[in-house]
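Down below is the structure, laid out as structure tokens.
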Amino acid sequence: MNAPRSTQELAALFDLPAPERYTLFLTEVLEHGQVWTLCAEDGFVAFSDEDDTDCFPFWPAAELAAALADDDWADCRPEALALDIFMERWLPGMDRDERLVSVFAAPDGSGMVVDPLELLADLEAAQRARD
């Protein structure tokens, strides 16, 4: 992921089924030590799910986050978060605040929405498997 991905490569990634994108997310964020979200002038983006629960989206690369910076999020830019801070502070904090995580959402709205502690457990398991 050192070189920017082509439009065709991005489209192919977004076309993967959501569970495959989730697995790719785990692999890439562990490899690069960061996650990406979108940030506007007034803070990080979020949306509400069908139960009116706040969901915060995260992607494994800047260009994947940027692909969703349109329409309602047109004023947003990709913002990196260090993986250790994401795991130590963000995910436990999101759990405390009863928020959810949208992992590797695609422009068509598909993606996996998970409990933050579930994502934390999956990241820790993937980290152990790598070590």
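At-a-glance table
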quantity	calculated
Count of residues meeting criterion [modelled with pLDDT of 95 or more and of a type in the set (Ser, Thr, Tyr)] in segment 1-22	1
Exclusive hit being outside any strand (DSSP E or B), closer than 23 Å to ALA12 by Cα, of a type in the set (Asp, Glu) and free of Cβ contacts under 8 Å to residues at least 40 places away in the same chain, set GLU124, GLU31	GLU31
Checklist (1) at pLDDT below 95; (2) in contact with a helix residue (DSSP H, G or I) (Cβ under 8 Å, 6 or more places away or on another chain); (3) within 25 Å of GLU20 (Cβ to Cβ) applied to TRP36, failing item	(1)
Checking ALA125 against (1) closer than 16 Å to PHE25 by Cβ; (2) buried (at least 17 other Cβ atoms within 10 Å of the Cβ), the condition it does not meet	(2)
Subset of segment 95-121 (residues that are among the aliphatic types (A, V, I, L, M) and either surrounded by 15 or more Cβ atoms within 10 Å (Cβ to Cβ) or not in a helix (DSSP H, G or I) (or both))	LEU100, VAL101, VAL103, ALA105, ALA106, MET112, VAL113, VAL114, LEU119, LEU120
Which listed residue, of PRO92, PRO78, is over 17 Å from THR27 (Cα atoms), surrounded by 13 or more Cβ atoms within 10 Å (Cβ to Cβ) and modelled with pLDDT of 95 or more	PRO92
Per-region count, segment 34-87, residues touching a residue at least 40 places away in the same chain (Cβ under 8 Å), closer than 18 Å to PHE14 by Cβ, in a loop (DSSP other than H, G, I, E, B) and not small (Gly, Ala, Ser)	1
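The values are calculated or read from the model by the stated rules, or taken from the named source; none is laboratory data. The shown structure was predicted, so the numbers you read here are calculated from the model rather than taken from an experiment. Cβ atoms come from the backbone with ideal geometry, glycine included; neighbour counts cover every protein chain shown.
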